[in-house]
Amino acid sequence: MNFAVLQFPGSNCDQDVIHVLRNVLGHSARLLWHKESSLGAVDAVVVPGGFSYGDYLRTGAIARFSPVMEAVRGFAANGGLVLGICNGFQILCESGLLPGALIRNRSLQFRCEHTFLKTATADSPFTNRIAADKVMRLPIAHGEGCYFADEDTLAALKAKNQVLWRYVSAQGEPTEAANPNGSLDNIAGICNEARNVAGLMPHPERASEPILGCADGRLIFESMIHALTNRPEAKAA
């Protein structure tokens, strides 16, 4: 599979994602600079973490206007898989590709620690390889990771099964203490209604090899690869 990993001024997790896709999972991955107006021949796009444009104005607020994001919007509209991680999640929300917004952590502190996640549904290209009872251990590093949406949007996310991951305790319970940033309903990640665009605040690329202490994160990338491999056009080929 061919992955494009976007690169903005201030991105700092792009090389980590490239490493996992290429060296850990054995797929093709290339960096795509923010000024590019075309994605080229790609099967999926990853919008990585970092501090795009220095997080000026608001996280992701400037990156949404980059030429490459117009190409990403077109790619997503045609059913292409797009995953946003941390700052990438913020950019996707700012771009209107995902509902809601990421605001300042309720503690008003930057949080850099490991968290536990539980997958809310296997019905997505990003979660299909994750067991229902699996408690994933992934790191976070953000100051504005509190997921917020109005009541109607939140209700729609739940009704349409668009919540993909929630922060939980080590025992798998979505408690207040397990929520590192105050996100509504302990939400750590969501997808769009069409289920081909997703974002999460924790970093799966930083937990995809045993040498890092945990390889749970690779399950998200493996889910994407499984979904891409089993596309009707992929089978026909």
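No lab work stands behind these numbers, since they all come straight from the coordinates. No experiment lies behind these values; they were computed from the predicted model shown. Glycine gets a Cβ as well: all are built from the backbone with ideal geometry, and neighbour counts include every protein chain shown.
On the principal axes of its alpha-carbon atoms, the range 2-236 has extents of 43, 39, 38 Å, going from largest to smallest.
Just to confirm a number: summing +1 for Lys and Arg and -1 for Asp and Glu over residues other than Asp150 whose beta-carbon lies under 15 angstrom from that of Asp150, what do you get?
The answer is -2.
All other residues whose Cβ lies under 12 angstrom from that of Met69 are scored, Lys and Arg at +1 and Asp and Glu at -1, for a net of 0. For the range 91-160, the pair-distance distribution built from all alpha carbon pairs, in bins 10 Å wide starting at 0, is 17, 36, 43, 4 percent.
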